[in-house]
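The values are calculated or read from the model by the stated rules, or taken from the named source; none is laboratory data. Nothing here was measured: the structure is a model prediction, and the numbers come from that model. All Cβ positions, glycine included, derive from the backbone under ideal geometry; neighbour counts span all protein chains shown. Surface accessibility is based on the protein's heavy atoms, side chains included, excluding ligands, DNA and RNA. Shrake-Rupley method; radii C 1.70, N 1.55, O 1.52, S 1.80 Å.
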Amino acid sequence: MAFSKSVRRQKIRRRIRKTVSGTANRPRLSVYRSNKEIYAQVINDVDGITIASASSRELKSAAPKKDAAKEVGVKIAEKAKAAGVESVSFDRGGYLYHGRVLSLAEGAREGGLKF
């Protein structure tokens, strides 16, 4: 039986979230990708708080989507480091680790986050 893209993504997302969880020492870096924008959050799941967030909407640049995703990765790394976070667990949110999600991860690594 064929699933739609959204149903397939939700199944993958549930499977990922079984194992990936954010703590105070190692929060979760969550990624959401829409057709136009990309969003990232650093989340402590134990306390239920968002430590830092960044999106391509904040950048206000006319860069291609992959370049904007890389900039968002650098920005989220800056904000997380300012909040005292060095290491994170990467939650790709059911998306393939390819394209914009990969660019965001590379940008976060360049910004100094470890995962």
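Global size of region 48-87: 11.1, 34 Å for Rg and Dmax (C-alpha atoms, Rg to one decimal, Dmax whole). On a C-alpha basis, how far is the centre of region 22-64 from the centre of region 81-115 in Å? Whole number, if you could? Centre-to-centre (Cα) distance: 9 Å.
Report, in listed order, any pair from Lys5/Lys66; Lys79/Lys114; Lys11/Lys70 with a Cα-Cα distance greater than 23 Å. Display every interim value, and only then the final one.
Working: Lys5/Lys66 21 Å; Lys79/Lys114 14 Å; Lys11/Lys70 27 Å.
Among Lys5/Lys66; Lys79/Lys114; Lys11/Lys70, the Cα-Cα distance tops 23 Å for Lys11/Lys70.
Rolling a 1.4 Å probe over the protein heavy atoms gives the chain an accessible area of 59 Å² per residue.
Accessible surface of the chain, 1.4 Å probe: 50 percent of it comes from carbon and sulfur atoms. Given the choices (i) 174; (ii) 121; (iii) 99, volume of the Cα convex hull per residue in Å³ derived from the coordinates of this structure is entry (iii).
Using only alpha carbon pairs under 8 Å that are at least six residues apart, calculate the relative contact order of region 54-111 and give it in whole percent. Can you show the working numbers first?
Values: 59 pairs, mean separation 29.1, N = 58.
Rounded, it is 50 percent for region 54-111.
The modelled label-to-label distance between Ile16 and Ala83, using points 7 Å beyond Cα along the C-beta direction, is 1.8 nm.
Relative contact order, percent, of the chain when contacts are C-alpha pairs under 8 Å separated by at least 6 residues?
On the way: 216 pairs, mean separation 33.1, N = 115.
The value is 29 percent.
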